[in-house]
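Only the coordinates and a few stated rules stand behind these numbers; no lab work does. Here the structure is a predicted model, which means the values were calculated and not measured. With ideal geometry, Cβ positions are generated from the backbone for all residues, glycine too; neighbour counts draw on all protein chains shown.
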Amino acid sequence: MRIFQDQFLIGVTGIIFNKENEVMLFKHTYRQTEWSLPGGYIKSKEHPLEGLEREIEEESGLIVSADQQIKIRTDRESSRLDIIVVGEYIGGEFKPSSEVSEFGFFSFDKMPSISKSQLVFIDKALQARKNERSNKNIHESEPLSKNTSKSFLEKTLDLFGRK
């Protein structure tokens, strides 16, 4: 029997796109690389997507829709589990905070210096969006909804015409 249990912090990081397919970055006041993807820690009983939306609004006043989890990774140097999420910018007025002094939207080829791992995640998210848009062009007759991400089960059921 174990006398103690390891504890992990659970973080969420957002790859948030605007209508021009640019990525939101925050200039953090406390990080070695000033610019990075927005995110933070989720609270007890909070869904990761809701946690990201809350963190971004608390730190900047900006409103986003966190739509789809794309990756879970661990940080072996700190007991942290990080959930990478893709979403869309909705609006709001930027308000600097003690954690975020600036924000901006950047195309992939004009990104300021950010961590290599974040660049990899952004690249994967951009490729997925590109593929998704290509698939939408193939299926133009299908109605589009706000939330186009479907689970494997939903896609399988759609394929076989079941609801």
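Test of understanding: ordering 17, 8 by Cβ neighbours within 10 Å, fewest first, what list do you get? Write down the numbers at each step before the final one.
Details: 17 21, 8 12.
Taking fewest neighbouring Cβ atoms as first place, the list is 8, 17.
So which GluC sites (Glu not before Pro) in region 30-95 end up in coil per DSSP with only 10 or fewer other C-beta atoms within 10 Å? Don't skip to the end; give the middle numbers.
Numbers: sites: 34, 46, 50, 53, 55, 57, 58, 59, 77, 88, 93; in loops: 34, 46, 77, 93.
Qualifying residues, ordered by number: 77, 93.
Sort 68-75, 24-31 for me by packing, meaning the mean count of neighbouring Cβ atoms within 10 Å per residue, highest on top.
Details: 68-75: 13.8, 24-31: 17.6.
Taking the mean over residues of other Cβ atoms within 10 Å, the ranking is 24-31, 68-75.
P(r) tail for region 89-139, what percent of Cα pairs lie past 15 Å? All intermediate terms of the calculation are to be shown ahead of the outcome.
Details: 824 of 1275 pairs.
Of the Cα pairs, 65 percent sit more than 15 Å apart.
Working from the alpha-carbon coordinates of region 44-134, get Rg over Rh, Rh being the Kirkwood radius.
We get a ratio of 0.96 for region 44-134.
Which part of region 69-87 falls in the paramagnetic zone of residue 30, meaning amide N under 13 Å from the point 7 Å along Cα-to-beta-carbon?
Under cut-off, by backbone N: nothing.
Tell me, in nm to one decimal, what length is gained between residue 102 and residue 54 on full extension, where the rule is 0.36 nm per residue of separation less the Cα-Cα distance? All intermediate terms of the calculation are to be shown ahead of the outcome.
On the way: separation 48, 0.36 × 48 = 17.28 nm, distance 1.76 nm.
That pair, residue 102 and residue 54, stretches by 15.5 nm at full extension.
For the residues 100, 64, what sequence is obtained by ranking on other C-beta atoms within 10 Å, fewest first?
Working: 100 22, 64 25.
Going from sparsest to densest Cβ surroundings: 100, 64.
Please state the charge dipole magnitude for region 1-119, taken about the Cα centre, from unit charges on C-beta atoms (+1 on K and R, -1 on D and E), reported in debye and rounded to the nearest 20.
Taking the Cα centre of region 1-119 as origin, the dipole is about 460 debye.
Could you go through region 83-94 in sequence order and give the Karplus-derived ³J(HN,Hα) for each residue, using 6.51 cos²θ - 1.76 cosθ + 1.60 with θ = phi - 60°, rounded to whole Hz, and x for Gly and Pro?
The phi angles translate into 9, 9, 10, 9, x, 10, 6, 9, x, x, 10, 5 Hz.
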